[in-house]
Structure formats: structure tokens, C-alpha cells
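One structure below.
Each reported figure results from applying straightforward, stated rules to the coordinates on display, with no laboratory input. All values derive from a computational prediction rather than experimental measurement. Every residue, glycine among them, receives a Cβ derived from its backbone with ideal geometry; neighbour counts consider all protein chains shown.
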Amino acid sequence: MTAISSNSNTEDVIVIENLNKWYGNFHVLRDINLRVKKGERIVICGPSGSGKSTMIRCINRLEEFQEGSLVVDGVEMIEDVKNIETIRKDVGMVFQHFNLFPHLTILENLTLGPIWVQKKPKAEAEEIAMKYLERVKIPDQANKYPGQLSGGQQQRVAIARSLCMNPNIMLFDEPTSALDPEMIKEVLDVMIELAQEGMTMLCVTHEMGFAKKVADRVIFMDGGEIVEENEPEAFFSNPQVDRTQQFLEQILNH
Amino acid sequence: MFNEKTIEEVKSANRKASSDATSTAFYNNPRIRGLFYQVALVAGLLYFFVTVIGNTLDNMEATGIKTGFAFLDAAAGYDVLMSLISFESTDTYARIFVVGFLNTILVSVIGIFFATLFGFIFGVAYFSHNWLIRKLAVVYVEIFRNIPLLLQVFFWYFAVLSSLPSARQSLSLGEAVFLNVRGLYFPKLVGGDLAWVVWTVLALAIGGVFYLRRWAKKRQEITGEQFPVLKASLALIIFAPLMAAALTGFPFTVDYPALKGFNYFGGVTVIPELMALSIALSVYTGAFIAEAVRAGIQSIPRGQTEAARSLGLRENKIMSLIIVPQAMRVIVPLLNSEYQSLVKNSTLAAAIGYPDLFNVFVGTALNQTGQAIETIFMTIIVYFIVNMVISFLMNRFNSAVSLVSR
């Protein structure tokens, strides 16, 4: 484990410095600099292809990057299996398409990590799983399979599955984009509750209501770079950059 | 309320209309039409079979062949190249039927074993990070999938095995295993008085593996600790019988093949016909199984791996807990048909003279007795039953790995 660089504050749980990533010749992430404090809630928005998903996927090494540095909870992301494992145990992730394991029951989806990664006894893992299923309000679905649940329920299970690993940081990659409108609220409610409990959250979403309600900071990305970042109030009422203004006009006035 | 009422009204009106049979002609009734086609089809089929069988019976009568299975008790009067049970030319056709059946089963089992092995190795190799291994898998599949199987059987038999040296110039491995143009020879373990102890220990060790797995699973459920089941099982199966053999003073003698005159005798002999057919069947079917395995693994969305990674699972656990269980539901039905094809393709034995059921029974026995209906019918039944058994087992396996949804 490598200590974090000297100029960073110990409160910062994520430190991204001059991060660059290419897909072949395509420059997807350009000089990303981002610091996230413990307990901070950050909403990332931007047009599709702007690199916002790619950026948060770098944080738990679902994507590699070529230049720059990334430190998560004091562990530097380098080509080292141990470091990558340590970071992944610390960071939970929720995907647009839920990505539940269809061959396992809801309960087994939730206990998989605790049993095989944290090496917990089955009974204890199931106890934890039921606790989180109750928190996302679907304990009665424990023995069903993912295919038997609605989209909203599946996404709540996916959130519970991440929480079972007791992460310090949660990443949300467009968690409501694949949901029917009437199911968005039930997922956002769970996320709001989580935010209020002080979880460090990075959330790629276009739910501007959610951003206004819980975000400490809103980040606007375009063309692989962070174009603007501000507190939600200022971000929405007084965007500084043209591209942000255009984007907000498009998503707010329709 | 208003809506419901009108719907009810419409429904009851419809019901009245459809029960009013006089309003439609009987030949427009789908049930009667269906029935008519069924009856017509059955009648047509009956006519076909009655004609074919009647014709054959007439022909047999004309050439003086009696129908019935009495011929099975007659002496066959010819020898077979290879037999798993004792056989002499004075034995009956019934016995030759069994000999052929066992030879078919032998080549099918060998073929299925190695085809599965090759298939899984090359199917997984397709996803290797190593460029050479990946390309090797592609080349293997493309070559062996695209060449006719009969040609491959000939290739192995005439081009490869026939160009091996003669017995005196045999290729040998440690003076124990010999390979020459007449076959592959390797030593055989002959058990002494106390050999049963070793075999019993081996059987117990295999049983012990199942117990070990259950114990390891239980222990993990209770304490959360994982146990290296695979390594422990291998150690148990290898070392327990070795220990037993050592304690009983190695109650085995080894029967080495030895050169006497122009050929090797003793040990176990694998004739080139069996080798060529086994290699051709396993390599050919293996290429198709490799494609099935590749399809199975590729059918799993990337998101599954990503979700498992984000939980912190290691790559080997992701493979065994997430990818393989899901890929199996795609692979197993494909495996089923590949296994069935392999059994059916084993009849190509006739082309190089391997004495499988088709060759010795529909080939020689039919030729000698002229009992076409009986021999062909018996052979059809055997292949049918063997493939039904494969299907049954694979379907059981499939329902064990299939997915519940909705």
C-alpha cells in the first residue's frame, strides 16, 4: 500500500490528479482533477459520450487509465492485484442495468460478496443481507430470482448488494436511466436516505431534482473533461460556461 | 362500472354467436380441419410402411430368406478385429452383436471424453490474454470444423498412423509404451493377492472426495473459512492408494509389451483403427464443442463480470461462481447434440474397418444372412436407445443448471 501524495488533505477519500485515458487514439478523459471529501455527495452530469461513466469506472478499476494518479482511501491505484482488491472492497458500485446475478436468488446475490470476499459464515452473511433488504424495503423477495422482480426492485437489490460489503464509497452509474418513470422514485428514495446517513457518493445521473436535493457539488463534463463544478444552487441558477448553459437548457426545458 | 358492463355484454353476445353452429360450415371449423389432416397423415404413413415392409418380405421370400430372429443363434463363422469379450468365429451372431455394441460404446466413450476435454480447453483458450494461445484456438476450430469427418478419419488412419514405423523400429517411450504401424502398446497392471486392498482404498478415496466437499461447504457456512477442495481431493485420490500399495508391498506385477517375432505381445494393445477413429471423432467434435463453450461464455453480459469485480471477487471465483454456472445453460443443450452426433458418426468405423456395431452387424452379418429387416432394426434400436440415454442424462444435467425467471 502506497501512502497518498504529500499535498493532499487526509480528509480526501478520493484524489484524482491529471488523469488521462485513451481508447486507441480517442482521448476519453482529459486531465481530470478531482478531490472528494469523506461524506461528500457528488453528482456528475453531461451529454452522452462525455466520459462521466468512464471516469467513475476508473475509481474501482473497471477501466484502466494511461496517465495520472488515483488514490482511494489512501491506497494508490497501480498495477498491483493487492491494491486493486483493497480498493474494490472499499468501493461499492451500482450499475445502470443492475447487473444482478440471474442464476442466484436475491439473498444469494447479497451474500456472495460477504461469503467469498469477506469470508463470513453463511448465517452472519444472511443476517447482514436481510438487514439491508429491509432497508431497501423488499425483505419478502429474498428467495426470489432477479428475473422475477421489477426493475425498481432489482435496482434496490443491487444497492443492497453493494451495501452488504460495507463500503466507504458508493459509485452510481446512471442508476435510474433504465427504469420506468414510476420506479425512479423508489430508487432515488433509497439513495437519498443513504446520502442523509453520510455515505460518500459519486453519482452519474440526469435526475436534477436529486442533484438539487442531496448533492454537495455538481460536476459537468463534456468532451472528456470537467467543464464546470459548483454547488447545486449556483450550478443550476448561474452556470458559468456556455456548454453547461446549453446542456441545462436541453434537459430542463422539455 | 359502465365500461365493465358493456364488455360483459359484448362477450355474451359473442358467446351466443359462436355457439350458433349453423352459422358456419363444418369444413371451416378449425377442429374438424385439424382432425382431417391428422387422419390423412396417419393413413399416408401407414400405407408407406406397409408397402415398404411388404415389399421387403416379398423380396426375401423370393430369395429364400426366412424372417425372424433364429439366425442370431447360428455360428457367425467370421472373426472380428477387436473384441472386449472373448470371441471366436464359431460364436453366434448374437454374440457378435454384443461385441459390436461394446466396441461402439468404447469408441463413443473415448470420443466423448476427449472431445469434451479438447472442446473446453480450446473454447476457454479463445478468451486467453495470450495472442498465440488465442489464435491457436481459432485455427484449431476453423481447420477441424471445416473438413469432412470421413476425410479426417482417412487422414489419421492412412496418412498418419499408416506411415508409422514397423514393429521392429517402433517408437518407444521408456521401453514401456510402443507405437508402430500395427498399433499402440502400453503396459498393464496385473493385480496380485492383496491388490483388492489398493482398489478398495481407491474407491474409498473417491467416496471421500464427495464427503470432503460436503464437509468443506458446511465448514464455510459455519466459520466462513474456505478450504482448497480441489487440491485436497487430488492429493487424496493420488496418495491414499499409493500408501495402501506401499503398505501391502506393491501387490502388482506389470505386464510389459514385448517384441516376439514380428509384433509386440502382452500389455494392452490399441489397434490403429480404434486410434484413428477415436482421434478423428474427438478432434472433430471437440472443435464444435469449443464453439459451444465460446458461445456460452460470450453469452454472459460484461456487466456480470463488472458487478462481480466491483464486489471484490477474484478472477477465478468470478469464473467459477458467476460465468461458468450461467454459461452452462447455453453449453449443455449444445453438448447434448454434439455427443449424439459423435455416437452416430462413430459408424464411419465401417470406412476403415473398426468393428463397431454398424460395421459387424449391418455390414458383415447382414451380408452373410440377408436378414436386412432384423439386423437393421436391431441396430437402429441400439443407436436410438444410446442417444435417448445421452439425451436423458443431459436433460437432467440441463434442468440442474437452467435459470429461473418469472
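Of note:
- Within the range A:182-204, residues that are among the acidic types (Asp, Glu) reach partners that are part of a helix (DSSP H, G or I) with beta carbons closer than 9 Å, at six or more positions or on different chains, in the pairs A:Glu182/A:Gly152; A:Glu186/A:Gly152; A:Glu186/A:Gln153; A:Glu186/A:Gln155; A:Glu186/A:Arg156; A:Glu193/A:Arg135.
- Qualifying residue in the range B:312-320 (condition: surrounded by 19 or more Cβ atoms within 10 Å (Cβ to Cβ), under 29 Å from B:Val139 (Cβ atoms) and within 12 Å of another protein chain (Cβ to nearest Cβ)): yes
- Candidate set: the range B:300-311, residues that are more than 7 Å from every other protein chain (Cβ to nearest Cβ) and not in a helix (DSSP H, G or I); chosen: the one farthest from A:Arg57 (Cα to Cα): B:Ile300
- Members of the range A:42-74 that are among the polar types (S, T, N, Q), part of a loop (DSSP other than H, G, I, E, B) and under 14 Å from the mean Cα position of the chain (by Cα): A:Asn60
- Per the conditions (1) more than 9 Å from every other protein chain (Cβ to nearest Cβ); (2) free of Cβ contacts under 8 Å to residues at least 12 places away in the same chain; (3) not in a helix (DSSP H, G or I), the sole criterion not satisfied by A:Lys120 is (1).
- Checklist (1) buried (at least 22 other Cβ atoms within 10 Å of the Cβ); (2) within 12 Å of another protein chain (Cβ to nearest Cβ); (3) aliphatic (A, V, I, L, M) applied to A:Leu104, failing item: (1)
- Filter result for the condition that a residue is hydroxyl-bearing (Ser, Thr, Tyr) and surrounded by 23 or more Cβ atoms within 10 Å (Cβ to Cβ), over B:Ser282, B:Ser341: B:Ser282
- Boolean, B:Glu221 is in a loop (DSSP other than H, G, I, E, B), acidic (Asp, Glu) and on the phi < 0 side of the Ramachandran plot: no
- Condition met for B:Val386 (within 14 Å of another protein chain (Cβ to nearest Cβ) and over 30 Å from B:Ala62 (Cα atoms)): no
Residue by residue, here is whether (1) in a helix (DSSP H, G or I); (2) more than 10 Å from chain B (Cβ to nearest Cβ); (3) in contact (Cβ under 8 Å) with a residue 24 or more places away in the chain holds:
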| site | (1), (2), (3) |
| --- | --- |
| A:Ile87 | yes, no, yes |
| A:His97 | no, no, yes |
| A:Leu100 | no, no, yes |
| A:Ile115 | yes, no, no |
| A:Gly147 | yes, no, yes |
| A:Ala158 | yes, no, yes |
